[in-house]
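Data block below; observations after.
Every number in this text was worked out from the coordinates using simple rules, so none of it is lab data. All values reported here derive from a predicted model rather than from experimental measurement. Positions of Cβ are generated from backbone atoms using ideal geometry, with glycine treated the same way; all protein chains shown enter the neighbour counts.
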Amino acid sequence: MPTPVPMAQVRMIRPPGRGFVAGPVRPGVWSAGIEHPGQFTTVCVFRPLTGTDLAAAEPPRTEDLVPVFRRLYEACMERGLPIGCAPNVHVSLVLLPEECRSLSPRRYPLRTLKLKAMARVFARRFAKRQARMPAATAAAAATAAAAARQAAA
């Protein structure tokens, strides 16, 4: 019997930023990446592409994927991962764990409050660093231009 086509792949990024594919999610089989999420875990849904070996495969049904995304959110919350804290993270190909919140009936009021506070702190820090960046970038550009003028002379 052939191996069933995966519904999705779990990708985890753990410090120091090395990512790896934790494995396929197949109907009725959890991936270790969902049960033991990394610092930044995403689930990429399998989509058959024209011209590939699996072009004729059926894409997964939404009903089969909802429990996967529900468990991703719950596992991240159970482990206290800082989901949703980084400002301005917008992706279109995957659901982030915090975007799966509405799929779970479980609520984590204290952890949610902590994440909101962390998000505010990180947003302020990010804004301060971003405000300093144009000055630093301008200074670096001026230094580079001066070095280029000196080298040309």
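A few points about this structure:
- The H on the amide N of Ala8, modeled in the peptide plane, is under 5 Å from the matching H of Val25, Phe46, each at least 5 residues off or on a different chain.
- Sequence-distant residues sharing a close amide H with Leu95 (under 5 Å, placed H): Val43
- Peptide packing: for 66-74, 106-114, the average count of neighbouring Cβ atoms within 10 Å per residue gives the ranking 66-74, 106-114, highest mean first.
- Between Cys44 and Arg132, the modelled label-to-label distance comes to 3.5 nm, taking each label 7 Å out from Cα in the direction of the beta carbon.
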